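The values are calculated or read from the model by the stated rules, or taken from the named source; none is laboratory data. The model shown is predicted, which means the values in this text are computed figures rather than measured ones. Neighbour counts are summed over all protein chains in view; Cβ atoms, including those assigned to glycine, are modelled from backbone coordinates with ideal geometry. We work out accessible area using only protein heavy atoms, side chains counted, and drop any ligands, DNA or RNA first. Shrake-Rupley method; radii C 1.70, N 1.55, O 1.52, S 1.80 Å.
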Amino acid sequence: MKAFPLLFIAISSFIIGETLVSNGYEPGDKATDFKLKSVDGKNYSMSDYKDAKGFIVVFTCNTCPFAVKYEDRVNALAKKYKPKGYVLLAINSNDPEVQPDDTYAKMQAKAKAEGFAFPYLVDEGQKIYPQYGATKTPHVFLLDKNLVVKYIGAIDDNADDASAVKERYLENAIAALDSGKDPSPSVTKAIGCSIKAKKKA
Amino acid sequence: MKQLLLITFFFVFAQSSQAQDILTFDKFDAFEKAIIKNDGNVYVVNFWATWCGPCVKELPYFEKLHQENKNVKVLLVSLDSPKDAKKLQSFIQKKKITAQVIALFDKDYNSWLDKIDKGWSGSIPATYIFSGDKKLFAEHEFENYAELSSHVNSFTNQLK
């Protein structure tokens, strides 16, 4: 009988552990840093940016129509906020074996053609996106300089038409962070393409 | 001979005009009011789009479910853009989809995704099964018809 509570603890901690993995970060959680290769062949980590006030981590890809619709907006955000101290890092977590148009070479071609003003990183082995809890593209995580998650979700409220946007969720969140406040809303949702990973056996 | 031609003509014409009418909603509230009915039926609602590869791949399984399982009502809710409405129409015609297709154009996703399921992060395909206040939500694709069918049965069995 003595074994029962122990077993119970073991089972419940297993369940809690599972939940944490599948749900990823919530606002207030400290995000993991990474060291990922960009299209320029160099590795990037958030710790490289000693003077950054925050980080805009965008999970995106070459192929998803929603990610493509946001390409120009992501590029504009990177240019706008870099001088203000907020560094935009885009991560492609799609497994190129599942999605052949997301190879490193095609990422390089895309970055060149579109003139990406930000590191476009490969999530080699698809290790980073599950930790963040990114499920789709685009999926944005705004972190403060200590890598604490401040905002998760959509860039704005209209994927189709940048000129018809009413709520700039991400920019509002950056403004809040910049003035020392917690963004509200701190989580938003949007439709996107699922991140393509190999099927688990 | 002339008659045969005429008959053939009508036959072809009838065939090509068989495409179903897509129900269209600009706002989620209107969609919810018209579709999310508490009428004792089991509804299998698949959220998809013509641009979504995995969605297109699993669509035939939902069509088969519609044809083979008369205990459930299959609704295929497309999240394509209004400007792709024609593409959607020709797509379902080409794929010979007879299950009810609905176009939901409400782009303010943050205002309504939670109303389907709080756990929905926003990726598609996603499948929402409900009957009355019983619900089952899945944010993933189905590998084959058997997997979809057993998923649906796991829901209907618990209603008994």
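Observations on the structure shown:
- Unmet criterion (only one of (1) at pLDDT 95 or above; (2) touching a Ser or Thr at 6+ places or on another chain (Cβ under 8 Å)) for residue A:160: (1)
- Qualifying residues in the stretch A:111-136 (those that are on the phi < 0 side of the Ramachandran plot and in contact with a Gly (Cβ under 9 Å, 6 or more places away or on another chain)) - the one surrounded by the most Cβ atoms within 10 Å (Cβ to Cβ): A:134
- Scanning the stretch A:75-110 for residues being more than 14 Å from every other protein chain (Cβ to nearest Cβ), crowded, with 21+ Cβ neighbours inside 10 Å and small (Gly, Ala, Ser) gives a total of 1.
- Residue A:151 in a strand (DSSP E or B) and among the aromatic types (Phe, Trp, Tyr): yes
- Restricting attention to the stretch A:124-180, the residues that are more than 14 Å from chain B (Cβ to nearest Cβ) and more than 20 Å from residue A:87 (Cβ to Cβ) add up to 4.
- Among the criteria (1) under 22 Å from residue A:31 (Cα atoms); (2) assigned to a helix (DSSP H, G or I); (3) touching a strand residue (DSSP E or B) at 6+ places or on another chain (Cβ under 7 Å); (4) of a type in the set (A, V, I, L, M, F, W, C), the one residue A:111 does not fulfil is (1).
- Options B:139, B:147; residue that is within 14 Å of chain A (Cβ to nearest Cβ), under 30 Å from residue A:139 (Cα atoms) and out of contact with any strand residue (DSSP E or B) (no Cβ under 9 Å at 6 or more places or on another chain): B:147
- Meets criteria (farther than 22 Å from residue A:159 by Cβ and in contact (Cβ under 8 Å) with a residue 40 or more places away in the chain) for residue A:126: yes
- Filtering the stretch B:83-107 to residues that are free of Cβ contacts under 8 Å to residues at least 40 places away in the same chain and either of a type in the set (Asp, Glu) or within 30 Å of residue A:163 (Cα to Cα) (or both) leaves B:83, B:84, B:86, B:87, B:90, B:107.
- Residues in the stretch A:187-201 that are of a type outside the set (A, V, I, L, M) and more than 12 Å from chain B (Cβ to nearest Cβ): A:198 only.
- Within the stretch A:155-196, the residues that satisfy the criterion of being under 21 Å from residue A:33 (Cα atoms) and open to solvent by less than 30 Å² (accessible area, probe 1.4 Å) are A:170, A:173, A:174, A:177, A:195.
- Selection count where residues are polar (S, T, N, Q), farther than 19 Å from residue B:56 by Cα and open to solvent by less than 30 Å² (accessible area, probe 1.4 Å), scope the stretch B:142-160: 1
- Test: residue in the stretch B:113-126 that is away from chain A (no Cβ under 13 Å), part of a loop (DSSP other than H, G, I, E, B), open to solvent by less than 10 Å² (accessible area, probe 1.4 Å) and modelled with pLDDT of 95 or more: no
- Entry remark, the stretch A:46-69: residues being in a loop (DSSP other than H, G, I, E, B) and either at positive phi or loosely packed, with under 12 Cβ neighbours inside 10 Å (or both) number 2 in total.
- For the stretch B:81-104, residues that are outside any helix (DSSP H, G or I), under 21 Å from residue A:137 (Cβ atoms) and more than 9 Å from every other protein chain (Cβ to nearest Cβ) total 1.
- Count of the stretch B:28-54 residues which are assigned to a loop (DSSP other than H, G, I, E, B) and more than 14 Å from chain A (Cβ to nearest Cβ): 6
- Note on the stretch B:89-106: residues that are open to solvent by less than 10 Å² (accessible area, probe 1.4 Å) and farther than 16 Å from residue B:49 by Cβ total 0.
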